[in-house]
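See below for the structure under consideration.
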Amino acid sequence: MEYQSLPKENHNSFNLITAIINLIHTSAVHFTTSLLSNNNFSRKDAFNIQREIENILIQPIINLPNSFTKNKIKDPLILSSFHQITQAISNPLELCNTEYNLNKWLSDIMFHQVQQFTINEEINLVSVSGKTVYNDNNIKGIILHLQFQFKTFFENGDNLNKTLTHYSDLMNVKDVSIKNFVQGSLWQEKISQYQNKIVVPYFMYINDFELNNPLGSHASFHSLSAIYYSFPLSDQSKLSNINLAALIKTVDMKDFGLFLGDNLALNSVSEFSKSFSANFFCRFCKAKKSKTHKLCEEDNTLL
């Protein structure tokens, strides 16, 4: 986590004080998000730690300068400015002391609201309070704003410069072997229509996971299909470089389709076997599982 440095002093003391207060609040939000991102703490634990720090540590520290300046500083302007700062220090977690306040601050400054889109609307048989009745059956999905995510990613740290430098190094390699997607003919065809523009490739794919079941049972009623994207110019194996683009229920995927996925997702869409231990598990050929254990070369008769 990178923290901002103190603002430089200038002739406008009001702006300086405002900048210091904003820095205090921003640092408090960074601290809170670091607690929430720690897998050892629940959300309740994170906010409890906040309150303990304020009550046990911050309040006694603030009482000392307040009692000292009360009799030492007589200038009302200086005293007012000092009280503004100490007030912010005494309650640094004001903007993130509850989950609602934290989400509001993040939404105003850093977040972009997810978009819920309708896939299908129809009157159908649905279960309501244990009874089967005709009612609205709305099927929806969630999509995250990709343009906002791309902008945030490349504005963070040195990501843009690293990406462009790595891209330039790959394009200048004289080796015949292809080590990255951007060195292939397909990418050259893609960028031919974007002359003199910066173009960065990204891959989208899908993977399923089941809620409340980390072991992944075969019952996929509560299963979700998560659509991810990553940049081939970065380390795609790192979890921090795998980003979420959209969510859709797996049971809706067969009826309304999707575009790219791993073997399990594509087999599900195409109505092939979802078990890779099945006798005929491959969607590209008709080879039996026992035969694939011995095949060393492609057999055109099985395609």
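Please treat every number below as a calculation from the coordinates, not as lab data. Computed from a prediction, not measured in an experiment: that's the story for all the values here. All Cβ positions, even for glycine, are placed from backbone atoms using ideal geometry, and neighbour counts span all protein chains on display.
Of Met204, Met253, Met171, the sequence from fewest to most neighbouring Cβ atoms within 10 angstrom is Met171, Met204, Met253. Under the rule a/c < 1.5 gives rounded, and otherwise a/b versus b/c splits prolate from oblate, where does the stretch 22-67 land using the Cα gyration tensor? It comes out oblate by the Cα gyration axes. Residues of the chain were split at every exposed loop site, defined as trypsin sites (Lys or Arg not before Pro) in a DSSP loop with at most 13 other C-beta atoms within 10 angstrom, and the longest piece left, sites excluded, is 75-173.
By the count of neighbouring beta-carbon atoms within 10 Å, fewest first, Tyr134, Tyr228, Tyr167 end up ordered Tyr134, Tyr228, Tyr167. Taking GluC sites (Glu not before Pro) as candidate sites, keep only those in a DSSP loop with at most 16 other Cβ atoms within 10 Å, then name the longest stretch of the chain containing none of them. Looking at the chain, 10-270 is the longest stretch - no exposed GluC sites (Glu not before Pro) with at most 16 other Cβ atoms within 10 Å.
Straight distance only, please: which lysines reach the Cα of Lys294 with their own Cα at less than 25 Å, same-chain residues fewer than 8 apart left out? Qualifying lysines at Cα under 25 Å: Lys274, Lys286.
Label sites at Asn138 and Gln195, each approximated as a point 7 angstrom past Cα along Cα to Cβ, lie 4.9 nm apart.
Placing unit charges on each Cβ (+1 for Lys and Arg, -1 for Asp and Glu) gives the chain a dipole about its Cα centre, and among Phe209, Leu164, Ile139 the Cα reaching farthest toward its positive end belongs to Phe209.
Using Cβ point charges alone (K and R +1, D and E -1), the dipole size of the chain about the Cα centre works out to roughly 300 debye. According to the square roots a ≥ b ≥ c of the eigenvalues of the Cα gyration tensor, what is the shape class of the stretch 13-109, taking rounded for a/c under 1.5, prolate for a/b larger than b/c otherwise, and oblate for the remainder? Verdict is oblate for the stretch 13-109.
Taking amide H atoms as placed 1.01 Å from N in the peptide plane, the amide H of Lys140 lies under 5 Å from those of Ile119, each 5 or more residues away in sequence or on another chain. Computed from Cα positions, the angle between helix 146-155 and the longest principal axis of the chain comes to roughly 60 degrees. Kindly state, to the nearest 0.05, the FRET efficiency for Leu295 paired with His30, given R0 = 35 Å and r defined as their beta-carbon distance. The value I calculate is 0.05. Compute the separation of the alpha-carbon centres of the stretch 127-185 and the stretch 85-122 and state it in Å as a whole number. Answer, in whole Å: 24.
Set against the 2.2 N^0.38 Å expectation for a compact globular protein, the chain has a Cα radius of gyration ratio of 1.45. Cross-link pairs exceeding 21 Å between alpha carbons, from the set Lys162/Lys197; Lys174/Lys238; Lys179/Lys289: Lys174/Lys238; Lys179/Lys289. Since only Ile53, Ser67, His30 are under comparison, the one whose Cα sits farthest along the positive direction of the charge dipole of the stretch 13-109, derived from C-beta charges on Lys, Arg, Asp and Glu, is Ser67. A crude spin-label estimate for the pair Leu146 and Thr118, with each label 7 Å from Cα along the Cβ direction, gives 2.4 nm.
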